[in-house]
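Inspection log for the structure reproduced underneath, given as structure tokens.
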Amino acid sequence: MGEQSPDTPALFHAPCVFERGVVRMEDLPTSELPEVAFAGRSNVGKSSLLNALVGMKALARTSNTPGRTRELNFFRLGHQEAGAGVALRLVDLPGYGYAKAPKREVRAWNALILDYLRGRPNLKRVMLLIDARHGIKPNDREIMKLLDEAAVGYQIVCTKIDKLKPRELEALPRKMGEDLEGFIACHPRMLLTSAVKREGIPELRREIAALAER
């Protein structure tokens, strides 16, 4: 684990380990632990954010090839022995919007993601990552509409805020808030993060730790 501040939730002082990669619903791990899933367009900075979140350099592998992740990757965070302690799973979903693969494979990945989102009873929240430089794109809206229809709660996490100019960063909450109007399953609080500068990481950790305790 990387360096943690004294106010870091206890959950994030514990190890985070890879459990399994899944390409079929029947291979999902048992549902005894709460899960928080991370979704976003390819190249949104999801792997970098996950690594910063758990204080590790290579929990989620980054790639120069967008759309390379083809599995639902499950990571176990925290301790839970004999009913004691707090633990959950972080779920890294394949990036959407780009994939160097045959269309048939892309359809299969998309179907797997949708089946997971619709049918996982222990899924507490989806952290939907949006590149702060580009805002909400049409394929983001498609995912948001699907989550609304499935009554799956999700929270917007803006990434790469270090790439914005101060004036752009100041205007971001208002602009994003306007774009989020009408999405009923969207959590009202948006998080602004930078994996490079570790901005917003403490707030994201606290959100996830609270979900683990519910």
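What number goes with the only condition from (1) surrounded by fewer than 16 Cβ atoms within 10 Å (Cβ to Cβ); (2) within 17 Å of F38 (Cα to Cα) that A108 does not pass?
(2)
Is the range 135-150 home to any residue that is touching a helix residue (DSSP H, G or I) at 6+ places or on another chain (Cβ under 8 Å), modelled with pLDDT of 85 or more, charged (D, E, K, R) and over 15 Å from N43 (Cβ atoms)?
Scanning the range 135-150, I find no residue that is touching a helix residue (DSSP H, G or I) at 6+ places or on another chain (Cβ under 8 Å), modelled with pLDDT of 85 or more, charged (D, E, K, R) and over 15 Å from N43 (Cβ atoms), so the answer is no.
Would you confirm, using the coordinates I've provided, whether S31 is among the hydroxyl-bearing types (S, T, Y) and open to solvent by less than 30 Å² (accessible area, probe 1.4 Å)? Quick ask: steps written out before the conclusion?
Numbers: among the hydroxyl-bearing types (S, T, Y): yes; open to solvent by less than 30 Å² (accessible area, probe 1.4 Å): no.
Taking the combined requirement at face value, the residue does not satisfy it.
For G182, indicate whether it is on the phi > 0 side of the Ramachandran plot and surrounded by fewer than 16 Cβ atoms within 10 Å (Cβ to Cβ).
Yes, satisfied.
Pairs only if they're at least six apart or on different chains, beta carbon under 8 angstrom, first in the range 171-191 and closer than 17 Å to E203 by Cβ and in contact (Cβ under 8 Å) with a residue 40 or more places away in the chain, second open to solvent by 40 Å² or more (accessible area, probe 1.4 Å) and in a loop (DSSP other than H, G, I, E, B); list them, first residue then second.
Short answer, once both residue conditions are applied: M176/M190.
Exactly one of these conditions fails for L169: (1) part of a helix (DSSP H, G or I); (2) touching a helix residue (DSSP H, G or I) at 6+ places or on another chain (Cβ under 8 Å); (3) of a type outside the set (D, E); (4) surrounded by fewer than 13 Cβ atoms within 10 Å (Cβ to Cβ). Give me its number.
Single failed check for L169: (4).
Specify which of the listed residues (G135, G200) is open to solvent by less than 40 Å² (accessible area, probe 1.4 Å), under 15 Å from the mean Cα position of the chain (by Cα) and over 29 Å from V22 (Cα atoms).
G200
The values are calculated or read from the model by the stated rules, or taken from the named source; none is laboratory data. These numbers were taken from a predicted model, which means no experiment stands behind them. Here the Cβ is made from the backbone with ideal geometry for all residues, glycine too, and neighbour counts use every protein chain on show. The protein model used for the area step is the full one, side chains on, heavy atoms only, and it has no ligands, DNA or RNA in it. Shrake-Rupley method; radii C 1.70, N 1.55, O 1.52, S 1.80 Å.
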